[in-house]
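These notes concern the structure reproduced below.
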Amino acid sequence: MSAGGGTRAIVAALLANLGIAVTKFIAWALSGSSSMLAEAIHSVADSGNQILLLFGGRRAQREATPLHPFGFGRERYIYAFIVSIVLFSVGGLFALYEAWHKFHDPTPITAWKWLPVTVLLVAIVLESFSFRTAIVESNAVRGSASWKEFIRRAKAPELPVILLEDLGALVGLVFALIGVSMTLITGSGYWDAAGTLMIGLLLVVIAVVLAMETKSLLLGESATDEHVKAIAAAIANGPEVERVIHMRTMHLGPEELLVAAKIAVRHDETADEVAKGIDAAEARIREAVPIAKVIYLEPDIYYQKG
């Protein structure tokens, strides 16, 4: 996985979540707080998701085969989509079920009362460091794009996934902290149930957003506007090509772009001259946009209508 894939951010999030999950389970076992259980399962789901992202990045590096001639770059998108499913089912639906159960049996927290609060405060600190790492990694590749644009337009799925997971983890911890604290103050287990409910709804929303964005990548997204303009300019920036008649691009993976274009050549050129012109245009494309790995240029004669 390239630097743009955010391996450092994934590893940071994985280490933080594994440690946090253990402490949350201990706090739940001692206090019986449903918010702590929901958060513990949330951390387990996040840890599994980060392992999936690392595994998907490794699988995507395999060489192309006759059965898969364009390689396995899109496997990163598949594993990112699986992450959204895990987050929805294991994280979100479990928290909603636990909230429903707690609303029907709103027992207060009577043992180890302030342990959950301590664990949640420590978890917020650790998650903040993980979130900061994801932000630093994202800033290195997002350029001038807003955070919303970066989430929606990023071709490498790992960093948007980690950003949303870490953000969701921090907000979920705040929900849990409010629910647990209010339960301790009021003696009512309904606050604990409410915190668990908010965690479940939050995870479902994040999972749906991730699924929608990853689905678009799986279907096949075109190059960015900047890359499309750079490719078109590179093709036309030579004496061999009169104009670009039409062009299509598609990401075969985060760092692998397919370019297919019909180009106008002069009608009096020989086949040898046309072939050399196409080779020159391909070289210009690769220099302008290095991720353009698969290029098909079809020569044609342009006839202006009317």
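The values are calculated or read from the model by the stated rules, or taken from the named source; none is laboratory data. Every value quoted in this text rests on a predicted model; they were computed, and no experiment measured them. Here the Cβ positions follow ideal geometry from the backbone for every residue, glycine too, while neighbour counts run over all protein chains shown.
Brief remarks on what is shown
- Qualifying residues in the range 287-306 (those that are of a type outside the set (Gly, Ala, Ser) and part of a strand (DSSP E or B)) - the one nearest to the chain's Cα centre (by Cα): Lys293
- Close contacts from the range 92-119, counting a first residue that is over 20 Å from Ile206 (Cα atoms) and a second that is part of a loop (DSSP other than H, G, I, E, B), with Cβ to Cβ under 6 Å and a gap of 6+ residues or different chains, come to Pro106/Gly189; Thr107/Gly189; Pro108/Gly187; Pro108/Gly189; Ile109/Ser33; Pro116/Ser33.
- Residues being surrounded by 13 or more Cβ atoms within 10 Å (Cβ to Cβ) and over 30 Å from the mean Cα position of the chain (by Cα) - total across the range 115-140: 3
- Tallying residues that are modelled with pLDDT of 80 or more and either over 23 Å from Leu173 (Cα atoms) or in contact with a Ser or Thr (Cβ under 9 Å, 6 or more places away or on another chain) (or both) within the range 1-10 yields 0.
- Filtering the range 8-16 for residues that are part of a helix (DSSP H, G or I), buried (at least 24 other Cβ atoms within 10 Å of the Cβ) and of a type in the set (Val, Ile, Thr) leaves a non-empty set.
- Per-region count, the range 33-79, residues modelled with pLDDT of 85 or more, closer than 27 Å to Leu173 by Cα and in contact with a Ser or Thr (Cβ under 8 Å, 6 or more places away or on another chain): 1
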